[in-house]
Each structure stands twice: as C-alpha cells, then as structure tokens.
C-alpha cells in the first residue's frame with residue numbers, strides 16, 4: 001500500500017471519528033451534567049470570580065467546594081453565551097478531532113487491515129463525547145503518552161499538569177505515567193525536575209490541591225457505586241467489553257514483543273479500568289498507542305480487509321443518522337419548566353435533573369460538585385434513589401422541609417410517593433411527574 005493510500009485511509013478514518021463524535025454529542029445532549037458546567041461558567045462570567053462555595057443548591061448552601069473544573073466551565077459557559085448549545089457541541093467535536101487525529105498520527109496499526117479496530121475505538125471513546133471536562137482530560141492524557149513515546153522532554157511535558165488540573169482533576173493520572181517512567185529510567189539526576197514541576201503544577205490553580213484531594217476521595221468513596229454516572233449507558237452495554245477486548249489484544253502484543261514501558265502502561269490502564277469504569281477511555285487510549293501490527297499472511301490480510309469493508313459498510317449506511325442527530329433535550333425539561341412557572345422551592349429532585357433545574361434558575365437539592373463528601377443526608381438521598389433507604393424516612397429525618405418532588409414516573413421513588421400522606425401529583429407528562437406537599 002502506497003504512502004498516499006495510507007494517508008487517504010487515515011483521513012477517511014479521521015472523518016469517521018468526527019461523525020461519531022458529532023452523533024454521540026447529540027445523543028448525550030445537555031442532559032444530566034453539561035448544564036452544571038455551563039451554569040457555573042456563566043456565573044463566573046457574570047461575577048468575574050471563581051466560586052469556592054456551593055451557591056446553587058438549597059440543602060447545602062455555602063458548603064466549601066473544590067471547583068476543580070473551573071477552566072472547562074468558564075470556556076463552556078463563554079461559548080454557550082455566544083453560540084448556545086450548538087457552540088458547545090462543536091467544542092466537543094473539535095477536542096475529539098484533536099484526540100483522534102493525534103492517535104491516528106502516531107498509531108502503528110496498518111490501514112485498511114485494522115480499520116475495524118479504529119471504528120471500535122471511536123465508538124468506545126465517542127460514548128463519552130459530551131459537554132464535560134473529561135474530554136480535555138482524554139486529550140491531555142493522549143498528548144502525554146505520545147510525548148513519552150516520541151522521547152520528548154519530561155520536564156516540558158510536566159507543564160501539561162497546569163491546564164489539565166484546571167480543567168479536570170484527573171491530572172493525577174500524569175503522576176502515574178511519570179512514576180512508570182521513573183521505574184524505567186531510574187535516573188534521579190534528571191527525573192527530579194519533572195517531579196518537581198508536576199507537583200508544583202498542582203498548586204498553580206485557584207483550588208490548590210483541592211481538586212487532587214476531591215478526585216482521589218471520589219474514586220474510593222462508597223457512593224461511587226450509586227452515582228448515576230456509573231449506572232449510565234456510557235459505562236454499561238458494549239463499552240466495557242470493547243475496553244476489555246483492547247486490553248487483551250494489547251496485553252498479548254506487549255507480552256510477546258513489547259518493551260517494559262508498554263507492559264507497565266497496559267497493566268496501569270487495565271488496573272485503572274477495573275478499579276473504576278469511568279477510567280475506561282484512558283485504558284483504551286493506552287491500548288491504541290501500544291498495539292503493533294502483527295505479521296500478516298496474505299490470506300489473513302484479505303480477511304482483515306474484508307472485515308474492515310463490512311464494518312465500514314454498516315457505518316456508512318448509518319452515517320445519515322449520526323449526522324442528523326439533534327442535540328438532545330433532557331427528558332425532564334418540561335417538568336422543570338412547570339416547576340419554574342409555579343416558583344417551586346425546596347424541590348426534592350432526581351439527581352440527574354439538577355443540571356436542568358439550575359439552567360432554569362431553580363435550586364436542586366444537590367449537584368455533582370463534591371458537596372456530598374462527609375454528609376450523611378446525602379448518603380441517604382442516594383440510597384433512596386436506588387431503593388436502599390425508604391423515602392418516608394428520608395422525608396421525616398433528613399429532608400423534612402421539602403415542598404416539591406420531581407422524579408421519573410417509573411422509578412422506585414415515584415412508586416413510594418403515592419403512599420405518602422399529604423403529597424399529591426400536580427404535573428405528569430408521561431415520563432416525569434411533579435408532586436407537592438399540601439399538609440404537614
């Protein structure tokens with residue numbers, strides 16, 4: 001295959017990646033989390049300050065807040081103020097374009113024989129293509145890996161910690177990569193510099209080490225298994241199997257012919273994924289950078305090429321659906337508009353609905369800004385959402401002053417509301433309902 005043909009193959013793959021990122025960004029829309037980030041960014045633009053205490057919820061006002069993702073929030077809020085959600089959707093596509101382009105440029109996988117593997121990676125990574133700060137974290141992580149593979153100066157790469165830590169607290173992953181390089185090089189005469197720069201970079205932030213501490217606590221906290229993000233489609237279905245498949249392929253490759261660095265990377269990435277599914281994309285990025293093309297017989301080349309043609313044919317048939325995918329509106333949007341029209345206060349809401357409520361100018365009971373660490377009522381709130389704590393007791397002991405509730409019609413919480421005295425339904429759109437309390 002000529003160099004020009006390889007270049008065209010990578011260009012076609014790059015275009016496919018952009019289409020997938022665009023489609024997934026539309027499927028995710030602005031439900032669940034993006035509104036939190038945009039709302040925080042708009043607040044910072046308005047007040048010319050960075051919020052260090054919770055100012056958006058009614059249950060825990062003025063609680064200290066790390067605000068580790070302020071950089072992304074500010075950017076997303078600024079783009080939203082100019083172009084609305086369409087602008088933020090393009091932000092996702094541009095960042096993913098940089099991510100896919102960087103990995104395609106460095107990858108040693110042959111085109112077109114392994115084009116099918118690239119499509120699998122695009123779908124795995126694309127499932128997290130939403131207006132959230134993680135998208136920048138994936139890009140910074142890939143830049144760090146490629147920089148190390150190409151022998152770039154570690155001290156220079158360590159400066160990535162500064163923008164990384166101010167957009168997403170997962171910058172701690174850089175310390176893992178640096179630790180692996182330390183084990184490999186064992187040259188403390190030069191390695192003390194990148195360590196010094198990296199650790200110092202965590203302090204170049206309005207939150208100092210607050211983001212690092214918050215991220216570490218979040219990974220090991222018992223509530224991690226209850227947070228909706230862990231139960232969302234992005235972390236179920238095919239994604240775990242795709243990531244495990246990547247790990248098996250990469251593991252087989254590096255055990256047979258990989259160097260020590262590649263072996264440690266694959267172990268590091270796989271262990272991180274097994275510890276927390278939200279780290280699966282990082283694991284997939286590692287695998288795509290270390291997988292090498294095995295020797296292919298002429299017959300196997302034909303088989304791989306046919307598989308790629310088949311997979312791409314299916315993708316091309318569905319391309320119109322991906323391209324025309326609208327930017328989804330949250331399912332609770334109309335219910336929240338009703339609550340806004342009646343000036344509802346002290347609303348006990350489904351956790352995922354908090355973002356939409358904040359965008360509408362309402363205060364949810366809580367949101368995802370780490371205010372829950374160490375608060376027992378928040379533990380009980382999450383346990384109620386998954387049926388581990390009775391709603392009646394939550395309202396009597398932990399949240400006795402709630403006046404409204406908004407939950408999905410077919411949920412374990414909604415089933416309990418009908419049994420509560422003094423609560424009656426005031427809104428129902430077939431998917432989400434609102435209730436209000438009429439008696440003490």
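Any read-out appearing in this document is the output of simple, stated calculations on the displayed coordinates, not a laboratory observation. Given the structure is predicted, the values throughout are model-derived calculations rather than measurements. Cβ atoms come from the backbone with ideal geometry, glycine included; neighbour counts cover every protein chain shown.
What the table below lists for this structure:
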{"read-out": "Order of 37, 343 under a 10 Å beta carbon neighbour criterion, fewest first", "value": "343, 37"}
{"read-out": "Sequence of 173, 191 once ranked by neighbouring C-beta atoms within 10 Å, starting from the fewest", "value": "191, 173"}
{"read-out": "Helix 239-257 vs. the chain, principal-axis angle (Cα, 0 to 90°, nearest 10)", "value": "30 degrees"}
{"read-out": "Gyration tensor (alpha-carbon) shape descriptor, the stretch 47-199, a/c threshold 1.5", "value": "oblate"}
{"read-out": "Mean separation of Cα contacts under 8 Å, 6 or more apart, over the residue count of the chain: relative contact order %", "value": "21 percent"}
{"read-out": "Highest-fluctuation residue, 364, 163, 400 considered, GNM on the chain with Cα pairs under 10 Å", "value": "400"}
{"read-out": "Cα long-axis angle, helix 260-275 against the chain (0 to 90 degrees, to the nearest 10)", "value": "20 degrees"}
{"read-out": "Relative contact order %, the stretch 305-391, counting alpha carbon pairs below 8 Å whose residues are six or more apart", "value": "18 percent"}
{"read-out": "Cα extents of the stretch 38-101 along the three principal axes, largest first (Å)", "value": "42, 23, 21"}
{"read-out": "Gain in span if fully extended, residue 62 to residue 346, counting 0.36 nm per residue against the direct Cα distance", "value": "100.6 nm"}
{"read-out": "Beta bridges per DSSP with both ends in the chain, % antiparallel, nearest 5", "value": "75 percent"}
{"read-out": "q = 0.13, 0.14 Å⁻¹, the chain: log10 I(q)/I(0) [Debye, one scatterer per Cα]", "value": "-1.20, -1.34"}
{"read-out": "Euclidean distance of C-alpha centroids, the stretch 266-335 and the stretch 85-116, integer Å", "value": "11 Å"}
{"read-out": "Part-to-part distance (alpha-carbon centres) for the stretch 23-53 and the stretch 381-440, which is given in Å", "value": "27 Å"}
{"read-out": "Hull volume in cubic angstrom per residue (convex hull over the Cα atoms of the stretch 299-365)", "value": "120 Å³"}
{"read-out": "FRET efficiency for residue 403 and residue 98, using Cβ-Cβ distance with R0 set to 60 Å, rounded to 0.05", "value": "0.80"}
{"read-out": "Rounded tilt (10° steps) of 172-185 against the dominant C-alpha axis of the chain", "value": "30 degrees"}
{"read-out": "For the stretch 333-437, share of DSSP beta bridges that run antiparallel, in % to the nearest 5", "value": "75 percent"}
{"read-out": "Relative contact order [Cα under 8 Å, 6+ residues apart], the stretch 104-170, whole percent", "value": "33 percent"}
{"read-out": "Taking 333, 282, 351 and counting other C-beta atoms within 10 Å, the order from fewest to most", "value": "333, 351, 282"}
{"read-out": "Three-way shape call for the stretch 333-437 based on the alpha-carbon gyration tensor, with the a/c threshold at 1.5", "value": "oblate"}
